[in-house]
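The structure appears right after this line, and notes come after that.
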Amino acid sequence: MADRVLDAVMSNRFWVFLITRQVVDFNSWPTMCHPVGVLETLTDGPGVVIPESFANADHPMRKVTRQVAFDGAWDAERAAKVASLFGGMAPEWAARSANPDRQASIVDALGRGQVDCGGTWLECGSGAGGNTHLLCDQDRNLVALDLAKEMLVHAPPDLAPRVQGDSSSLPFADDTFDTVLLVNMLLFPQELDRVLRPGGRLLWVNTLGDQTPIHLPVEDVMEAMPGDWTGVTAKAGSGFWLSMERQNS
Ligand SMILES: C[S@@+](CC[C@H](N)C(=O)[O-])C[C@H]1O[C@@H](n2cnc3c(N)ncnc32)[C@H](O)[C@@H]1O
């Protein structure tokens with residue numbers, strides 16, 4: 001009998017959702033049945049604060065984020081609108097992201113997210129490079145990519161090679177990167193999966209937590225990505241991070 005139950009569970013791709021070092025929150029039980037692999041939640045990182053109220057679930061960018069991640073809803077028209085939206089904010093963008101509460105989640109991810117500083121790194125949606133310098137504190141082999149040319153123009157030129165490109169169709173060969181970083185950036189699962197090497201790592205950071213306009217909960221990021229992953233996550237400052245490692249190619 002037990003074998004039959006186990007077979008049924010496995011054939012329906014139900015996965016055991018393992019949470020350690022944290023009491024299970026039964027309010028999140030429905031999402032725990034998603035095939036998301038194994039997720040470890042660490043204790044809070046430095047300076048956790050409740051993010052200022054900024055973008056609720058009805059925010060248009062929140063809807064776009066979900067549609068892109070789960071329905072592949074991205075075309076030339078949407079790309080042009082998003083590029084224009086962010087391009088128009090480029091002049092003030094670097095100053096906006098240079099906020100210790102917001103950057104705490106990136107710093108904590110780099111410290112506790114089991115990342116390897118070596119290897120090749122891609123920052124997708126790097127914006128005006130306001131966070132890129134956190135990566136460049138160490139000698140990283142890094143490329144910064146953004147859809148909006150104006151963002152790249154405002155980024156410091158000496159941080160990393162800057163590439164204008166669309167993450168829905170990345171201008172890189174398969175298996176190019178060991179680590180891809182997304183800070184408040186749309187998730188394009190198939191392309192990220194394609195350019196990450198087997199055993200590669202994806203870092204997802206929302207610097208305003210669930211108030212980030214481009215926000216997905218960690219369980220949804222793990223569910224959206226093809227293949228098998230393990231993840232580790234924590235809150236820090238006003239945000240949270242998720243570091244995912246692919247378990248097979
Ligand atoms: C909310 S901003 C975040 C910028 C930066 N990561 C930060 O936290 O300051 C999102 C960035 O993603 C870029 N972006 C949006 N869609 C993109 C796409 N399909 N490919 C590459 N970049 C994209 C935007 O141009 C913008 O610079």
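The values are calculated or read from the model by the stated rules, or taken from the named source; none is laboratory data. Fair warning: this is a prediction, and the values are worked out from it, not measured in the lab. Cβ placement follows ideal geometry from the backbone for every residue including glycine, while neighbour counts extend to all protein chains displayed.
The set of residues in the stretch 115-127 being more than 11 Å from the ligand (Cβ to nearest atom) and under 15 Å from the mean Cα position of the chain (by Cα) consists of Val115, Trp121. The numbered conditions (1) assigned to a loop (DSSP other than H, G, I, E, B); (2) acidic (Asp, Glu); (3) modelled with pLDDT of 90 or more are all true for Asp101 except (1).
Scanning the stretch 128-140 for residues being more than 6 Å from the ligand (Cβ to nearest atom) and within 19 Å of the chain's Cα centre (by Cα) gives a total of 8.
Across the stretch 147-194, the number of residues qualifying as free of Cβ contacts under 8 Å to residues at least 40 places away in the same chain and either near the ligand (Cβ under 8 Å from one of its atoms) or aromatic (Phe, Trp, Tyr) (or both) comes to 1. In this structure, Ala109 does not qualify as away from the ligand (no atom under 13 Å from the Cβ) and of a type outside the set (Asp, Glu). Taking (1) away from the ligand (no atom under 11 Å from the Cβ); (2) closer than 20 Å to Leu85 by Cβ; (3) among the hydrophobic types (A, V, I, L, M, F, W, C) in turn, Val143 satisfies each apart from (2).
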